[in-house]
């Protein structure tokens, strides 16, 4: 991830210092096959973003789209930011974006979200215990993602700071999610805006699920219902919040992951661990009250099976991503050896 962040940094982009930006990745050939392939990749990422516990960022990594998407998204944001001051340079940066990849992926994501939102929302609402068990298995295994991204040698040097941050993050989310088990059927516009701004950060963080954040604060089903029912007012507020988060928070997260990578990832792990409280299958509590967690009760057998299924699905995705990562590193090492020779 740190390497990815370095690649998309403006300081490493030749285009930042010369007229037209030079792409870090070759543009995607505009063929029907590539367009269809990217639409399918977008559909897979969109499906993942609908399910609490599955990270769209992880799916992007597994499908080989992550680095390209992050790079091109940053090019687009840079172009939009520069455009009011220097329209020619801003337009050059916008044109340099790999639209042959981004547009089909975006369309695939949107179509999938609108097609599946109602179905998934109904299942989650009508089958709370099994749904929570499935998501609990997914998020539990997702804890491995930030841990695998940590430099453990660096972490050992930073333990006096890292451990308190981990505990604070875990305690904060454990307490915060203790008031949000009940779904808010009519969340306020400010809450929707802020939630969307925070949830969109999950797009750059493999292993972190934006839908899980919405679920933890109690507006997951309301959001899916709004998409399914084409509630344009709700969708507009959510979209504006997501856009704001993309412009503001994503840059902040990139900076943290570049300059304080180990501490940021370890703190994130603690926050994920504490937030598992929201997914305990057997809980009750009225809106605004502290959630009461109960011992396993009804549908225990089914809950265990679904927990294991969710864990297996995410575990397989993490394993595939690790294999691909090792192959990329081996290929990069091979290229470096050839260059040195």
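Across the chain, Cα pairs under 8 Å and at least six residues apart give a relative contact order of 26 percent.
Helix 232-259 versus the longest principal axis of the chain: what angle, 0 to 90°, nearest 10, using Cα atoms? Computed tilt is about 60 degrees. Round to the nearest 10 and give me the degree value, 0 to 90, for the angle of helix 189-199's Cα axis relative to the longest principal axis of the chain. Roughly 60 degrees, rounded to the nearest 10. For the chain, the calculated P(r) over all alpha carbon pairs, in 10 Å bins from 0 to the bin holding the longest distance, is 5, 23, 34, 25, 10, 3, 0 percent. With each label modelled as a point 7 angstrom along the Cα→C-beta vector, the residue 323-residue 236 pair spans 4.8 nm.
At 222 nm, what value in deg cm²/dmol follows for the chain if DSSP H runs of at least 4 each add -39500 (n - 2.57) and the sum is divided by all its residues, to the nearest 500?
Value at 222 nm, helices only, nearest 500: -23500 deg cm²/dmol.
For the peptides 266-276, 224-234, 91-101, what is the packing order when you average, over each peptide's residues, the other Cβ atoms within 10 Å and list the highest mean first?
Values: 266-276: 22.5, 224-234: 16.4, 91-101: 18.2.
Descending mean neighbour count gives 266-276, 91-101, 224-234.
Working from label points 7 Å from Cα in the Cα-to-Cβ sense, the residue 125 to residue 92 distance is 5.2 nm. Please work out the C-alpha center-to-center distance from the range 40-55 to the range 205-278 and express it in whole Å. Centre-to-centre (Cα) distance: 14 Å. Across the range 216-341, the relative contact order, built from alpha-carbon pairs under 8 Å that are at least six residues apart, equals 12 percent.
Ranked for footprinting exposure by Cβ neighbours inside 10 Å, fewest first, 166, 25 give 25, 166. Between the helical axis of 128-142 and the longest alpha-carbon principal axis of the chain there is an angle of about 40 degrees.
Every number here is computed from the coordinates shown, using simple stated rules; none is lab data. Please read all numbers here as calculations on a predicted model, not as lab measurements. All Cβ positions, glycine included, derive from the backbone under ideal geometry; neighbour counts span all protein chains shown.
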